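Readers should treat all values here as calculations from the given coordinates under stated rules, not as data from a laboratory. Note that this is a predicted model, so its numbers are computed, not measured. Cβ placement follows ideal geometry from the backbone for every residue including glycine, while neighbour counts extend to all protein chains displayed.
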Amino acid sequence: MRALSVRDVLLFLGVFGLIAITGFTQSWNVALGILNMGLISAIMALGVNMQWGYAGLFNVGVMGFVALGGLGAVIVSMPPVNEAWAAGGLRVLLALAVGVAAIAAAIFAWNRLKNAGIVRPLALIAILIAGFFAFRGLFDPAVAAIEAVNPATTGYLGGLGLPVLFSWPVGAALAAGAAWIVGKTALGLRSDYLAIATLGIAEIIIAFLKNEDWLSRGVKNVIGVPRPVPYEIDLQNDPGFVERMTGWGFDPVTASAIAVKLGYTALFLAILVLLLWLAQSALNSPWGRMMRAIRDNEVSAEAMGKDVKGRHLQIFILGSAVCGLAGAMMTTLDGQLTPGTYQPLRFTFLIWVMVIVGGSGNNFGAVLGGFLIWYLWIMVEPLGLTIIEFVTSGMADGSWLKDHLLASAAHMRLFTMGLILLLVLRFSPRGLIPER
C-alpha cells in the first residue's frame, strides 16, 4: 500500500478519537456499536469508490445490492423450514427451472431464426407467453402453500443452515450476479440515465424482497440470523467468564455485551483490511492505471484498444459485490433481515456523502469518510437536541418557537450531512484525502 501522509494519519486518529471519547463519556457499548457499523459503512464506501472513483460510474442503486447481500445471509445461514419444503419447495424449484428454460428457449429461437422475417418475433412472443403461464401455473400454488405454513413465525422456505460466515461470500456473489444483469443492460447509458436506471432497479429489488414472503418473509422480517460470535447470555452463563470478569472488576452483563461487539470488530476489521489491501494493489497495478485512463477519457482509451464497456462491467460487478458483502455483514450484525428498512435514496445518499467527503478515487479517503459520516449520523441528532434544549432553556414552556426548535432536532442529521458536504466541496473539493 502507498504510505499515508502525516495529515492522513491525523485525520484517522481524530475520527477514532471521537469514537473513544464517546466510549469514555457515554458507554463503550455505544462506541463499539458505532465502530462496528463504521467498519461496514467503510466497506460500502469502498465498493462505491471502486465504481465512481476508478471508473466514473454513477450507481445510485447501492441499497439494492446491499439488500441482496442480506438475503444471502438468510438463504445460507437460517435453518430450513421442513414443513414449507414439503408443502411446495420442490414445486417452486420446478417453476423456476421452467422459467429459466423458457427464457433460454426464447434466446435460442431468436438466434436461430435470424432470416425468418415476421416468424422470428412471433416465435419469441409465443415462447415467452407459454413459458409465463407454465411458470405461474406451477409457482403461484406452491408459494401459497409455503406461505400458509405457520405464517406468524415462518411462512418461508428458510435457508441451508450453514455457518453464517459462509453467507458473506454468497451475499457478494448474489450482488455480483445482479450487477452483471444490470450492467449488461444499463452500462451503455449516459451517467445521469445510468443513475436513474440503477435507482429504479434498486427499488425493484427491494420491492421483490418486501413481497416475496416465501423467500424473505417480506415485511414480516427474518429474525434470529445466526451469529459468528457467542451470544451474551451464553457468556453470562459461563462460570469461567463470569469469574474472570468479576475478578477484573467488571460487571459480567456489561462485559459480555462488550466482548460480543469486540468479536464483531475483529471480524469486520479483518475483512476491511483485506479488501483495502486488494483494492490498493489493484489501483496501483496496470489494471488500475487503465481504469483511471478510461475514467478520464473514454474516447482516447478506446482508441488505444481498451475494451471500455467490458472494463466498466467488470468494475461495476466488483463494486457491487463489495456492497453485497457489506450487506451480508450488516444483516449478521443486526441478527435480522428487514427489507422495509432498505431505503434506496436516503441511505445511498449517505454512502455517497462518505465517498465524496473522504475523497473519491482514494481508497483510504473512502474508508475515512465511512467512519466519519457514520459517527456524525449517529451522534448529531442527540447532540443537536442537547444544544437546542440549552439554547431554549430560557424560553417559556409552551412557546411556539421553543416547541418548533425542539421538534426540529430530528432534522439535524440531514442538515449536518448537507452542511458538511457543502463545506468539504468549498474548502476541499477533492475530499479530505484526495486522490493522488
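Return 138, 124 ranked ascending by Cβ neighbour count within 10 Å, so the fewest neighbours appear first. Present the calculation step by step, with values, prior to reporting the outcome.
Numbers: 138 20, 124 16.
Sorted ascending by nearby Cβ count, the order is 124, 138.
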Item to check | Centre separation in Å (Cα based) which lies between the range 114-137 and the range 18-83 | outcome: 42 Å
Checklist entry - For the range 280-436, what is the charge dipole size about the Cα centre, in debye to the nearest 20, if Lys and Arg each add +1 at the Cβ and Asp and Glu each add -1 at the Cβ? => result 600 debye
Item to check | Paramagnetic reach from residue 122 in the range 95-109 [backbone N under 14 Å; point 7 Å along Cα→Cβ] | outcome: none
Checklist entry - So how far apart, in nm, are the two label points at residue 190 and residue 223 if each is 7 Å from Cα heading toward Cβ? => result 4.9 nm
Item to check | Summed side-chain charge close to residue 229 - residues other than residue 229 whose Cβ falls under 15 Å, Lys, Arg +1, Asp, Glu -1 | outcome: -2
Checklist entry - In terms of modelled amide H atoms, which long-range or inter-chain residues lie less than 5 Å from the amide H of residue 336? => result 225
Checklist entry - Pick from 30, 242, 391: which residue has the top mean-square fluctuation in a GNM of the chain where Cα pairs under 10 Å get a spring? => result 391
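Charges at C-beta only: +1 for Lys and Arg, -1 for Asp and Glu. How large is the resulting dipole of the chain about its Cα centre, in Debye rounded to 20?
Working: 27 positive and 23 negative charges, 331 e Å.
Dipole about the Cα centre, nearest 20: 1580 debye.
In debye to the nearest 20, how big a dipole does the range 175-330 give about its Cα centre with +1 on each Lys and Arg Cβ and -1 on each Asp and Glu Cβ? Working shown, then result.
On the way: 14 positive and 13 negative charges, 111 e Å.
That gives a dipole near 540 debye.
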Item to check | Amide proton proximity set for residue 158, modelled H, under 5 Å, gap of 5+ | outcome: 81
Next on the checklist: Apply the Karplus curve 6.51 cos²θ - 1.76 cosθ + 1.60, θ = phi - 60°, to the phi angles in the range 362-367 and return the couplings in whole Hz, x for Gly and Pro.
Outcome noted: 10, 5, 5, x, 4, 5
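Kindly provide the helix-only [θ] at 222 nm of the chain, computed as the sum of -39,500 (n - 2.57) over DSSP H runs of four or more divided by all residues, to the nearest 500 deg cm²/dmol? Present the calculation step by step, with values, prior to reporting the outcome.
Working: 18 runs with 313 residues, N = 436.
About -24000 deg cm²/dmol.
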Item to check | Summed side-chain charge close to residue 75 - residues other than residue 75 whose Cβ falls under 15 Å, Lys, Arg +1, Asp, Glu -1 | outcome: -1
Item to check | For the chain: rounded, prolate or oblate by the Cα gyration tensor [a/c cutoff 1.5] | outcome: oblate
Checklist entry - HN-Hα J couplings of the range 201-213 from phi, Karplus 6.51/-1.76/1.60, θ = phi - 60°, integer Hz, Gly and Pro as x? => result 5, 4, 4, 5, 4, 5, 5, 4, 5, 6, 10, 8, 4
Next on the checklist: As I understand it, the dipole of the range 97-213 uses +1 on the Cβ of Lys and Arg and -1 on the Cβ of Asp and Glu, about the Cα centre. Which of 188, 152, 113 lies farthest toward its positive end?
Outcome noted: 113
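Quick check: net charge around residue 388, other residues with Cβ under 15 Å of its Cβ, Lys/Arg +1 and Asp/Glu -1? If you can, show how the numbers build up before the last one.
On the way: positive: 402, 413; negative: 381, 389, 397, 403.
Taking every Cβ under 15 Å from that of residue 388, the sum is -2.
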Item to check | Rounded if a/c under 1.5, otherwise prolate or oblate - the range 153-236, Cα gyration tensor axes | outcome: prolate
Next on the checklist: For the pairs 184/210; 114/210; 220/309, flag any whose C-alpha to C-alpha distance is greater than 32 Å.
Outcome noted: 114/210; 220/309
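Sort the range 1-153 into rounded, prolate or oblate with this rule: let a ≥ b ≥ c be the square roots of the eigenvalues of the Cα gyration tensor; rounded if a/c is under 1.5, and if a/c is not under 1.5, prolate when a/b is larger than b/c, oblate otherwise.
Verdict is oblate for the range 1-153.
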Next on the checklist: Rounded to two decimals, what is the ratio between the C-alpha radius of gyration of the range 278-436 and 2.2 N^0.38 Å?
Outcome noted: 1.38
Checklist entry - What residue among 288, 69, 53 has the largest mean-square fluctuation in a Gaussian network model of the chain, using Cα springs under 10 Å? => result 288
